[in-house]
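Here the structure comes first, spelled out in structure tokens, and everything after it is commentary.
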Amino acid sequence: MPANKKFKPVIGEAPQSQAAIRGRGASWSPANRFEKLHVDLTDPYVADMGCETEKTPRRPTQYFRDGTRTIITRNTSPDVGFETSLNPYRGCEHGCIYCYARPTHEYLGFSAGLDFESKIMVKTNAPELLRREMESPRWQPQTLVLSGVTDPYQPVERKLRITRACLDVLAQFRNPVAIITKNHLVTRDIDILRELAACNAAAVNVSVTSLDQTLQRLLEPRTTSPQGRLDAIAQLHAARIPVGVMVAPIIPGLTDHEVPKILQACARAGAQFAGYTIVRLPWAVAPLFEHWLEEHFPERKEKVLQRIRHLRGNRLSSSQWHTRMTGEGIFAQQIASLFKVGCRRAGIGARPTLSCKSFRRSTTQLSLFG
């Protein structure tokens, strides 16, 4: 969509749901900004009234095969800290209400709301595509991030094991990998990660938003509990796999006061490095998050939104490079100082630099000169 063309829905739209849906972050589906016609099937004026039940229906998750032909995504942003990433899944059942990746589902004709967390695209051929990329002489060994957009250890990974198969390929080539996850399931793959770590080619970032399990369940319905994430850090540290914490996203007026406690708790569990981002609310994420606040924290809604606007140049989201991850202004400076001091007091050091020195091709290329 051209930058100067403002999105206008076909009709004025407001959230139709009256209550949160158990096990979901979003409770409605805002219009896809690329679609001219949108029907929200949770709207009581659209749904079949003859099928009503006394309980709020639990929306089932659907899985679709993703026919992608390439698996490595490249970016040139100076803010994300990596150039290449691999996403085995599109959409994420974790259902984090604040997720900046929600609008990516609109490119598929889905909604950034319930569709994002209940209609998951699965790249079943990801390991084969990854092997092909690694074999190619065009591949320049570099750190590959799992996932960068959606969580590689979301619930269906327990059954499909696509992320594990991709890690196995990376271990065969000894290509460095950095993982970002909210799920304890990462500990299942300690055997492969230990092998890579022996070559200084693996690091895991466990994302922790809050230590308050009640708040965590509302923010991130199907993620591992805070205690489970601390246990994952401890297990990875015990296995001598470099592990750190991503305090992300920090939500001013809701979770910012927890930053020092999160850093202390993760350091005690074994976290060696840390990073943070401040919440971003691009496109449909803004109305989704506003509605979520109205559902769960109506008394804090205006305070939280005002703080976010203060960080984002009087907007709820900003795509400005160099500030979009950390915000700007006095509140951004306070959060940066809080994080820096928290790391120092917790004894958390710098992020490790992974090595490509052990990279190897799985096949030997024949020389033209014998």
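The values are calculated or read from the model by the stated rules, or taken from the named source; none is laboratory data. The structure presented is a predicted model; accordingly, all values stated were derived computationally and were not measured. Because the Cβ atoms are built from the backbone with ideal geometry, glycine has one as well, and the counts that use them run over all protein chains shown. The accessibility values were calculated without ligands, DNA or RNA, using every heavy atom of the protein model including side chains. Shrake-Rupley method; radii C 1.70, N 1.55, O 1.52, S 1.80 Å.
Toward the positive end of the charge dipole of the chain, with +1 on the Cβ of Lys and Arg and -1 on the Cβ of Asp and Glu, the farthest Cα among Tyr107, Pro298, Phe82 is that of Phe82.
With the simple model of a label 7 Å out from the Cα in the direction of the Cβ, Thr353 to Gln306 spans 4.6 nm. GNM on the chain, alpha-carbon springs under 10 angstrom: the most fluctuating residue among Lys159, Lys301, Lys119 is Lys159.
Placing a label point 7 Å from the Cα of Asn75 along the Cα-to-Cβ direction, the residues of region 303-342 with a backbone N closer than 14 Å are 318-326.
Only protein heavy atoms count here; on that basis, with a 1.4 Å probe, Met246 has an accessible area of about 30 Å².
If His296, His237, His257, His105 are ordered by their accessible area, calculated over protein heavy atoms with a 1.4 Å probe, which sequence runs from highest to lowest?
Details: His296 55, His237 85, His257 115, His105 0 Å².
Per-residue accessible area, sorted high to low, gives His257, His237, His296, His105.
The listed residues Lys182, Lys357, Lys340 rank as Lys357, Lys340, Lys182 when sorted by accessible area, largest first, using a 1.4 Å probe. Using θ = phi - 60° in the Karplus curve 6.51 cos²θ - 1.76 cosθ + 1.60, the 3J(HN,Hα) couplings for region 98-104 round to 8, 4, 5, 7, 3, x, 5 Hz; x is entered for Gly and Pro.
As a test of reading the structure, rank Arg59, Arg240, Arg132, Arg24 by solvent-accessible area (1.4 Å probe, protein chains only), most first. Before the final figure, lay out the partial values.
Details: Arg59 60, Arg240 205, Arg132 155, Arg24 15 Å².
Sorted by accessible area, descending: Arg240, Arg132, Arg59, Arg24.
Each residue of region 72-224 gets 121 Å³ once the volume of the Cα convex hull is shared out per residue. The stretch between Phe82 and Arg315 holds 81.2 nm of extra length on full extension. This uses 0.36 nm per residue minus the Cα-Cα distance.
Entry comment: accessible area of the chain is 50 Å² per residue, from protein heavy atoms only and a probe of 1.4 Å.
What is the dipole size for the chain, taken about its Cα centre, with +1 at each Lys and Arg Cβ and -1 at each Asp and Glu Cβ, in debye to the nearest 20? Walk me through the numbers on the way to the answer.
Values: 50 positive and 34 negative charges, 208 e Å.
Its charge dipole is roughly 1000 debye.
Here the Karplus relation 6.51 cos²θ - 1.76 cosθ + 1.60, evaluated at θ = phi - 60°, turns the backbone of region 207-212 into coupling constants of 7, 10, 8, 7, 8, 7 Hz, with x for every Gly and Pro. For the chain, take the longest principal axis of its alpha carbons; what is the angle in degrees between that and the long axis of helix 301-311, to the nearest 10 within 0 to 90? Tilt relative to the chain: about 50 degrees. A Cβ-based charge dipole, computed about the Cα centre of region 265-326 with Lys and Arg at +1 and Asp and Glu at -1, lands at about 300 debye. Between 0 and 90 degrees, rounded to the nearest ten: what's the tilt of helix 162-173 against the longest Cα principal axis of the chain? So the inclination is approximately 20 degrees. Glu258 exposes around 20 Å² of accessible area when a 1.4 Å probe is run over every protein chain in place. By accessible area, using a 1.4 Å probe on protein heavy atoms only, the chain has 52% of its surface on carbon and sulfur.
Scalar couplings 3J(HN,Hα) for region 255-270, obtained by applying the Karplus form with A = 6.51, B = -1.76, C = 1.60 to θ = phi - 60°, are 10, 4, 5, 8, 3, x, 5, 4, 5, 5, 5, 5, 5, 4, 6, x Hz; x denotes Gly and Pro. Relative to the longest principal axis of the Cα atoms of the chain, the long axis of helix 330-346 lies at roughly 40 degrees. Largest mean-square fluctuation among Asn75, Asn205, Asn87, in a Gaussian network model of the chain whose springs join Cα atoms under 10 Å apart, belongs to Asn75. Measuring with a 1.4 angstrom probe and ignoring ligands and nucleic acids, Leu211 comes out at about 60 Å² accessible. Centre-to-centre, using Cα atoms only, region 150-209 and region 260-276 are separated by 20 Å. A dipole drawn for the chain from +1 and -1 charges on Cβ atoms has a positive end, and of Phe359, Pro282, Ile348 the residue lying farthest that way is Phe359. For the options Thr73, Thr143, Thr255, a Gaussian network treatment of the chain with springs between C-alpha atoms closer than 10 Å singles out Thr73 as fluctuating the most.
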